[in-house]
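Engineer: Handing you a structure now.
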């Protein structure tokens, strides 16, 4: 199985020099919010989430790095709750998703919620929005809403036990991987905001999708063994195998080449950006902001690929399953 799958990434790789101090601060934040405890801290540390943030946000400010850690941690822990019963119960999944989506509403609860995870999410969302324009808050909120909705769709598909078509699966995976939130977090971590005109340049929109596709689908390859053991069908390799009627080995090869092609296309589009920007006759400061954003997307590709080979989230899936008894759920974080 390809738990140790590697890709040749022709993009810069850098680890934030302050990642270790930020990791300590994040563990303290998680403990304060009762998201980890003495019994689960070592298990959580196996995932090396803070090192992922160090790789994928190498140019973050100190405050931005802390916020990025909180976004990634909260999203990871929230996603892991769906390795339990809610992952196959659309009604429960919808109730959970709607309870978090309510925290995005203007005037919604800010400092409390029905569970520790709700409370942490509300604080993370409030702090992420600080200093951002209403337009940014609106699109970031929509990213979260689409993600919450995808958890319900994924739960329903697990219940059916059916294979999605490749195009349907790719559309679903674009959202279930939470990469829309993480690409929004690039602006939070760097404490800048991409103007709407530039955020919607076709090249940029495609590069954002390619970044999400690479991370999500490389994850599918790395987590294949875990998901086969769990009887999952929502995985690129298994979807390709079902659609093409090929062997598992052939499906892995097809999936690898598909994921590799995401990087190739990203690099091609990145090389065309200077000409695109020149044609728009933009102010220098806008060009600088967009380049910072595109560099941040590139860091997600190179940084995630490196982290995926270092984390024990996949390479020691058996140990984690034995320790938790429920996929990757460190605890039931949705109870009061």
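Just so it is clear, none of the values below were taken in a lab; they were calculated from the coordinates. All of these numbers come straight from a predicted model, not from anything done at the bench. Virtual Cβ from ideal backbone geometry, glycine too; neighbours counted across all protein chains shown.
Engineer: Arrange the peptides 74-84, 8-18, 256-266, 295-305 so that the one whose residues have, on average, the most other Cβ atoms within 10 Å appears first.
Structural biologist: Order by mean packing, descending: 295-305, 74-84, 256-266, 8-18.
Engineer: Give me the distance in nm between label points sitting 7 Å out from Cα along the Cα-to-Cβ direction at residue 146 and residue 225, one decimal.
Structural biologist: 3.3
Engineer: For 239, 204, what's the fewest-to-most ordering of other Cβ within 10 Å of each Cβ?
Structural biologist: 204, 239
Engineer: Taking a point 7 angstrom from the Cα of residue 130 along the C-beta vector, which residues in region 54-80 have backbone N less than 16 Å away?
Structural biologist: 61-71
Engineer: Expressed as a rounded percentage, what relative contact order does region 19-324 have, with Cα pairs under 8 Å and six or more residues apart?
Structural biologist: Answer for region 19-324 is 24 percent.
Engineer: More than 21 Å apart: what percent of Cα pairs in region 1-101 qualify?
Structural biologist: Counting pairs separated by more than 21 Å, the tail of P(r) holds 48 percent.
Engineer: How large is the helix-only mean residue ellipticity at 222 nm for the chain, computed as the sum of -39500 (n - 2.57) over DSSP H runs with n ≥ 4, divided by its residue count, in deg cm²/dmol to the nearest 500?
Structural biologist: Computed mean residue ellipticity for the chain: -22500 deg cm²/dmol.
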